[in-house]
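Enquirer: This is the structure, below, for whatever I ask next.
The values are calculated or read from the model by the stated rules, or taken from the named source; none is laboratory data. This is a predicted model, so every value here is computed, not measured. Just the protein is used for accessible areas: all its heavy atoms, side chains included, with ligands, DNA and RNA removed. Shrake-Rupley method; radii C 1.70, N 1.55, O 1.52, S 1.80 Å.
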Amino acid sequence: MANLVVHFEIHASDPQRLIDFYSGLFGWRFTRAGEMPYWVIETGEGAIGAEAPGHGINGGLTQRDGPPPGPGAPVNGSDLVVGIDGEVDGMFARAIELGATESVPPTDMTGIGRIAYLIDPDGNLFGILSPVLSDGTNVMDAVGARSV
């Protein structure tokens, strides 16, 4: 397992606000790690763990040590893109309902899928990606057809 990303962290000015947001949007489970302001994030079945290599990763949510990024500020650090089973447009709309703001609207990317970027309620940029394009074509089906 060389050079693979195995964990991510989200910084939060108001941790409970982001716990509510991400659990409501993706169904992630958050568990407080002792007394420190840190929560372990379980992203779902199939994520990497001590017992199995997995197909995704789990993460953590930690108390932000300064002010959140201001509107229009450049990304300071990294962003994450979450692969989803459903269609991007519905998940994008749900994120907006839960308090996110639009960064990049849902867009088809040839050979990759449909992607969108949002800013969570604390100013963090994140993306959502599905292999299903707006016309219903699943790019993974095309990859499978090429590899036969």
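Enquirer: Over the stretch 62-148, what per residue volume does the convex hull of the Cα atoms give, in whole Å³?
Expert: Expressed per residue, the convex hull around the Cα atoms of the stretch 62-148 is 118 Å³.
Enquirer: Further question: Can you tell me the alpha carbon radius of gyration of the stretch 70-111 divided by the globular rule-of-thumb value 2.2 N^0.38 Å? All intermediate terms of the calculation are to be shown ahead of the outcome.
Expert: Values: Rg = 12.1 Å, N = 42, 2.2 N^0.38 = 9.1 Å.
In units of the globular-protein estimate, the stretch 70-111 measures up at 1.33.
Enquirer: Can you send over the solvent-accessible area of Tyr117, 1.4 Å probe, protein chains only, in Å² to the nearest 10?
Expert: Surface open to solvent at Tyr117 totals about 60 Å².
Enquirer: Another question about this same structure. If you roll a 1.4 Å probe over the heavy atoms of the protein chains, what accessible area per residue do you get for the stretch 1-75, in Å²? Let's see the in-between values first.
Expert: On the way: 4870 Å² over 75 residues.
Heavy-atom SASA per residue in the stretch 1-75 reads 65 Å².
Enquirer: Per the 1.4 Å probe, what fraction of the accessible area of the chain, in percent, lies on carbon and sulfur atoms? Each step should come with its number before you reach the end.
Expert: Values: 4860 of 8900 Å².
Ligands and nucleic acids excluded, carbon and sulfur reach 55 percent.
Enquirer: In whole percent, what relative contact order does the chain give with Cα contacts below 8 Å and a gap of six or more residues?
Expert: Rounded, it is 21 percent for the chain.
Enquirer: Take the Cα atoms of the stretch 1-110, find their three principal axes, and give me the spread along each one in whole Å, biggest first.
Expert: Extents along the principal axes, in whole Å: 37, 37, 27.
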